[in-house]
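Just so you know, all these numbers are worked out from the coordinates, no wet-lab data involved. The structure displayed is predicted, hence computed values, not measured ones. Here Cβ is always computed from backbone atoms with ideal geometry, including for glycine, and neighbour counts include all displayed protein chains.
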Amino acid sequence: MHWIDRVAKTLLKQSKTHVIASGISVSGHIHIGHCNDVFIADGVRRALEELGGEGEAFWYADDFDPMRRIPWPLNEGELAERYKQYLGVPYIDIPSPDPKYKNFVDYFARPFIESLDDFGVDVKVYSGAEIYRSGEMAGPIRIALEKADKIRAILNRYRSKSLPEDWLPYDALCERCGKLATTRSYSWHDNYVSYRCEESDYVDGCGYEGEADFTKGQGKLTWRVEWPARWKLLGVTCEPFGKDHAVVGGSYDTGKLIAKQVFGYKAPYPVPYEWVSLKGMQMSSSKGVVFTLPQWLEIAEPELLRYFIFRSKPMKAKDFDPGLALLDLYDEYDLMEQVYFGMVEVGARKKEQFRRIYQISQLHETPKRPVQRVPFRFAAVLSQVMRDEKQTIKVLTSRGMLTDPSEFDIKLALRRLSCAQNWVPKHAPERLRFKVAETLPAEAARRLTQKQKQGLTQLAADISSRDFTPVELHNHIYQLAQKIGLKVPELFKAIYLVLLGRESGPRAGSFISVLDKEFVISRLKEVTS
RNA sequence: GGGCCCGUAGCGCAGUCUGGCUAGCGCACCGGCCUUUUAAGCCGGGUGUCGAGGGUUCGAAUCCCUCCGGGCCCGCCA
């Protein structure tokens, strides 16, 4: 059984309806590693509904947290200087570097939120700042302040250095300097928390002393208390979260105790997950080691990211490599699809596994009929020579990659080709890239021997006199070389030289047959003219 | 100090939750074939102490314990 179904089943034993939370601090670009959060939350919701339960999933932007580090690309050049003043300030109060966006949060979060739909993720979106400012959080805050001693005792169980006696679980927003990271709260009455703006480990405060109205969003609960407060407020019953929170004595452990003992609420069912690395490097929004959802859509279909996330268990580390390894991801996905439709036989257990992962990888409904796919490896070659859609479809049809294609099949094929077209220049290794020379490469032509020229001329004549399939053409090149007494590799070299300006290239037979016939003939003839 | 993940063929991995067909897959490699294969040829081949040791069991890559090696996370920020 797939783990997502096991989670759903466990939840259903407790109750029929569930609220699944996900969320992330908007501390920079939101990357595919962060997607585990929403994708799993939404996945659990779907599994729950399939099993007859009801679920709602949401994504919560932690946009009221203070900025601890200036994220890439704002940490470069003069921007860095400009953004330094916002250290310790809540993300929501920081301006956008680009006027097209409302603010810092909009700048980083919007591309992510707008992409979710493309990946079939259906979640309600919350803003932490809005929830605080609307006063919705006032109830839990009051409880937390009243039971500050209890909370302090719980936290102290996991701390080596105890929290001060007058500690309060509340971070006030400094009325004068706008920082949230620098204040220390020491007492409260009615709706107000008294604070002093002192310092944090990364930025100095302004020394101001004041009172914050906690019913108006003039501050927030400290993370370890905020999390359980949120569970209570939104009725969260399940939540996926990164392994950093899952550690013993970490925020889930304390959150669980606080939920129970302070808010009288049962902590949600946890689904801890591992992080995603990028080419072996830890993804980091502050350093700019990121790969985002919009970037994904440029080079791969959304189903592939879902597959990437759901194919292995949540606590298994995943590494994404947009280079050569992407080809394998494509192939694996296609294979899984073929197994699903019974076009490829595998063992019963594997088949069941593939079946479920394939379903989960779909944005919505699972296709009823087999989907016609262009292998991505081939798409990578074709994308470099295709001229227009009509010719492209013709090539694909003649190769048997599309058979009597529906409009849907054609759409998918073209989408994959467009992914390949984006992928090749950005991520493919050099040896997979080539460019058909616009005009006969003069330097290359000069290097040709008489025999080679003769071979090319003859080839031009043969191509114009009859039609070859790719394989026939490839074989024909061999025969031709032998017939005129030329070493086989010499003829291949000649072909690549006049077409690409280099000595090697994609398999000649198939390569030539995707090119425009008249173009090839005239180019081959050109060497002797 | 604590937690998690990984260790299976030359390389990359699946299989471990739920013990059971002869331990699989991709790439690489080797051999053969089509009078020929430069980046979609075809056919055949597994090259393995499943990190080590112990235990449970009729039966262990799979469950339990100990240890070794590698990686990540947390250590009072979130």
Selection from A:Leu145, A:Leu326, A:Leu48 lying farthest towards where the dipole of chain A points positive, charges on Cβ:
A:Leu326
Cα gyration tensor, segment A:234-274 - rounded (a/c under 1.5), prolate or oblate:
oblate
Relative contact order of chain A, please, whole-number percent, based on alpha carbon pairs below 8 angstrom and at least 6 residues apart.
12 percent
On alpha-carbon atoms, Rg over Rh for segment A:390-446 using Kirkwood Rh?
1.12
Which aspartates and glutamates, if any, have their Cα less than 20 Å from the Cα of A:Lys435, not counting same-chain residues under 8 positions apart?
A:Asp388, A:Glu389, A:Glu443, A:Glu503, A:Asp516, A:Glu518, A:Glu526
If you take the Cα Rg of chain A and divide it by 2.2 N^0.38 Å, with N the number of residues, what do you get?
1.26
Under a Cβ-only charge scheme (Lys and Arg +1, Asp and Glu -1), can you give me the dipole magnitude of chain A about the Cα centre, in debye to the nearest 20?
1780 debye
What percent of all Cα-Cα pairs in segment A:373-485 falls into each 5 Å bin, going from 0 up to the bin containing the maximum distance?
2, 9, 16, 16, 17, 17, 13, 7, 3, 1
Which part of segment A:264-288 falls in the paramagnetic zone of A:Lys13, meaning amide N under 20 Å from the point 7 Å along Cα-to-beta-carbon?
A:266-272
Given 0.36 nm per residue, what is the gain on full extension from A:Lys390 to A:Trp223 after removing their alpha carbon distance, in nm?
54.4 nm
Three-way shape call for segment A:1-150 based on the alpha-carbon gyration tensor, with the a/c threshold at 1.5:
oblate
For a quick check: with amide H placed at 1.01 Å from N, whose amide H comes under 5 Å from A:Trp188's, ignoring anything fewer than 5 positions away on the same chain?
A:Ser194
Once phi for every residue in segment A:150-162 is put through the Karplus expression 6.51 cos²θ - 1.76 cosθ + 1.60 (θ = phi - 60°), the whole-Hz ³J(HN,Hα) values, with Gly and Pro written as x, are 4, 4, 4, 5, 5, 5, 5, 4, 10, 10, 7, 10, 5
For segment A:20-35, take each phi angle, set θ = phi - 60°, evaluate the Karplus expression 6.51 cos²θ - 1.76 cosθ + 1.60, and give the result in whole Hz per residue in order, putting x for glycine and proline.
10, 9, 8, x, 7, 6, 7, 9, x, 4, 8, 10, 5, x, 5, 5
For chain A, with the dipole built from +1 on Lys and Arg beta-carbon atoms and -1 on Asp and Glu ones, taken about the Cα centre, which of A:Tyr186, A:Phe64, A:Phe511 lies farthest toward the positive end?
A:Phe511
Within a 10 angstrom radius of the beta carbon, how do A:Asp334, A:Asp98 rank from fewest other beta carbons to most?
A:Asp98, A:Asp334
Tilt of helix A:3-14 relative to the longest C-alpha principal axis of chain A, in degrees (0 to 90, nearest 10)?
30 degrees
With labels modelled as points extended 7 Å from the Cα through the Cβ direction, what inter-label distance (nm, one decimal) is found for A:Lys350 paired with A:Arg159?
5.4 nm
Work out the FRET efficiency for A:Gln450 and A:Gln359 from their Cβ-Cβ distance, taking R0 = 51 Å, and round it to the nearest 0.05.
0.25
How far, in degrees from 0 to 90, does helix A:223-234 lean away from the longest principal axis of the Cα atoms of chain A, to the nearest 10?
90 degrees
Could you sort out which of A:Lys260/A:Lys318; A:Lys100/A:Lys287; A:Lys318/A:Lys426; A:Lys150/A:Lys232; A:Lys124/A:Lys232 sit more than 27 Å apart by Cα distance in this structure?
A:Lys260/A:Lys318
Simple label model, 7 Å out from Cα along Cβ direction - A:Gln479 to A:Lys525, nm
2.3 nm
Could you put A:Trp227, A:Trp188 in order, starting from the residue whose Cβ has the fewest other Cβ atoms within 10 Å?
A:Trp188, A:Trp227
In degrees, nearest 10, range 0 to 90: what is the angle between the Cα axis of helix A:104-116 and the longest Cα principal axis of chain A?
60 degrees
Could you give the spread of the C-alpha atoms of segment A:444-529 along their three principal axes, from largest to smallest, in whole angstroms?
29, 24, 23
Using all Cα-Cα distances in segment A:293-339, what percent lands in each 10 angstrom bin from 0 up to the longest?
24, 59, 17
So which cysteines of chain A have no other cysteine's Cβ under 4.7 Å from theirs?
A:Cys35, A:Cys238, A:Cys419
Among bridges DSSP assigns within chain A, what percent are antiparallel (round to 5)?
50 percent
Exposure-ranked with fewest Cβ neighbours within 10 Å first, A:Leu74, A:Leu414 stand as A:Leu414, A:Leu74
I want the antiparallel fraction of DSSP beta bridges within segment A:1-113, as a percent rounded to 5.
10 percent
Taking amide H positions as placed 1.01 Å from N in the peptide plane, with prolines and chain starts having none, which residues 5 or more places from A:Cys238, or on another chain, fall under 5 Å of its amide H?
A:Val19, A:Ala21, A:Tyr269
Let me check I have the definition right: for segment A:340-395, take the eigenvalues of the Cα gyration tensor, multiply each by 5, take square roots. What are those semi-axes in whole Å, largest first?
30, 13, 10
How big is the Rg/Rh ratio for segment A:97-233, C-alpha atoms only, Rh by Kirkwood, two decimals?
1.03
